[in-house]
Each structure stands twice: as C-alpha cells, then as structure tokens.
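Colleague: Got a structure for you, questions after.
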Amino acid sequence: MSDLVEGVDYEFIPVEDDGWDVRILVGDFVETVIRIGVLEAVPRRGDDFDLKYNFEIMVNPSDSTKLDISPVVGDIISSILREQNDETVTSNKEVKSYRGFGASAW
C-alpha cells in the first residue's frame, strides 16, 4: 500500500478521549482499527529525518496476526501528514491571497 486516501483506504473514528482511531478499509487488514501514538521526527543528516511512531491494534477481526501491519501503519501516517501539509499550504495560500487583496484595496 502507498498513496493511501482517507475515506477510501482508511477512515477516522472518534474515541471518547477527544482522539481518533483509524479503521483500515482495504487490503489484508480490512476492518482492523489502530490507535496511533506519539510521532517523533529523529534528525539524520541535513534536512533528512526518520519518523518514529508507535501504535496499538484496537480491533483485529481478521486472521492477519502472522502479517506485519507496520508498513501499512507507516503508509497511513504518511498519507495523513501529506494531507495535513496540503491543507496547510492551501490555507496559507488563501490567507496570503486574502491579505494581498486587502492590502491592495487600502
């Protein structure tokens, strides 16, 4: 799995403590629910870094205990971060565009 899409490959599920779990919708781990813990960027060289994370399997309805879910969780985290980055860039462009309009109007 790579280039996963929210709502197609996974979905967020609200939990009681104001957090979110993630339900996998496709592949070997369909209907598996995970809770992603702390993410940590560990510097390497220059601008490179490794992303460390932990997760907990909350629900595992399939017989996939012999398979390694870690790569799928990594792909989901990458997708979430990419989507958040895209939303931030779009939001910043809208703010800059609005500020530019305001500045030129005054």
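The values are calculated or read from the model by the stated rules, or taken from the named source; none is laboratory data. Since the model is a prediction, treat every value here as computed from it, not as a measurement. Here the Cβ is made from the backbone with ideal geometry for all residues, glycine too, and neighbour counts use every protein chain on show.
Colleague: Please enumerate the residues belonging to region 1-34 that are of a type in the set (Asp, Glu) and under 12 Å from the mean Cα position of the chain (by Cα). Let's see the steps before the verdict.
Modeller: We begin by selecting, within region 1-34, every residue of a type in the set (Asp, Glu); these are 3, 6, 9, 11, 16-18, 21, 28, 31.
Correct list: ASP3, GLU6, ASP9, GLU11, ASP21.
Colleague: Which residues, counting only those in region 54-66, are modelled with pLDDT under 90 and either more than 10 Å from THR32 (Cβ to Cβ) or within 18 Å of the chain's Cα centre (by Cα) (or both)?
Modeller: Those that are modelled with pLDDT under 90 and either more than 10 Å from THR32 (Cβ to Cβ) or within 18 Å of the chain's Cα centre (by Cα) (or both): ASP63, THR65, LYS66.
Colleague: While we're looking at this one, here's another question. Can you find a residue in region 53-61 that is within 17 Å of VAL73 (Cβ to Cβ), touching a Leu at 6+ places or on another chain (Cβ under 7 Å) and of a type in the set (Ser, Thr, Tyr)? Working first, answer last.
Modeller: Looking only at region 53-61, we keep the residues that are within 17 Å of VAL73 (Cβ to Cβ), and these are 53-61.
In the following step, the residues that additionally are touching a Leu at 6+ places or on another chain (Cβ under 7 Å) were identified as 53.
Next, from what is left, pick out any that are of a type in the set (Ser, Thr, Tyr): 53.
So far as region 53-61 goes, yes, one or more of its residues are within 17 Å of VAL73 (Cβ to Cβ), touching a Leu at 6+ places or on another chain (Cβ under 7 Å) and of a type in the set (Ser, Thr, Tyr).
Colleague: Still on this structure, please answer the following. Just to be sure, is ASP86 within 15 Å of ASP28 (Cβ to Cβ), out of contact with any strand residue (DSSP E or B) (no Cβ under 6 Å at 6 or more places or on another chain) and modelled with pLDDT under 85? If you could, list the steps in order and put the result at the bottom.
Modeller: Details: within 15 Å of ASP28 (Cβ to Cβ): no; out of contact with any strand residue (DSSP E or B) (no Cβ under 6 Å at 6 or more places or on another chain): yes; modelled with pLDDT under 85: yes.
Against the criterion (within 15 Å of ASP28 (Cβ to Cβ), out of contact with any strand residue (DSSP E or B) (no Cβ under 6 Å at 6 or more places or on another chain) and modelled with pLDDT under 85), ASP86 does not qualify.
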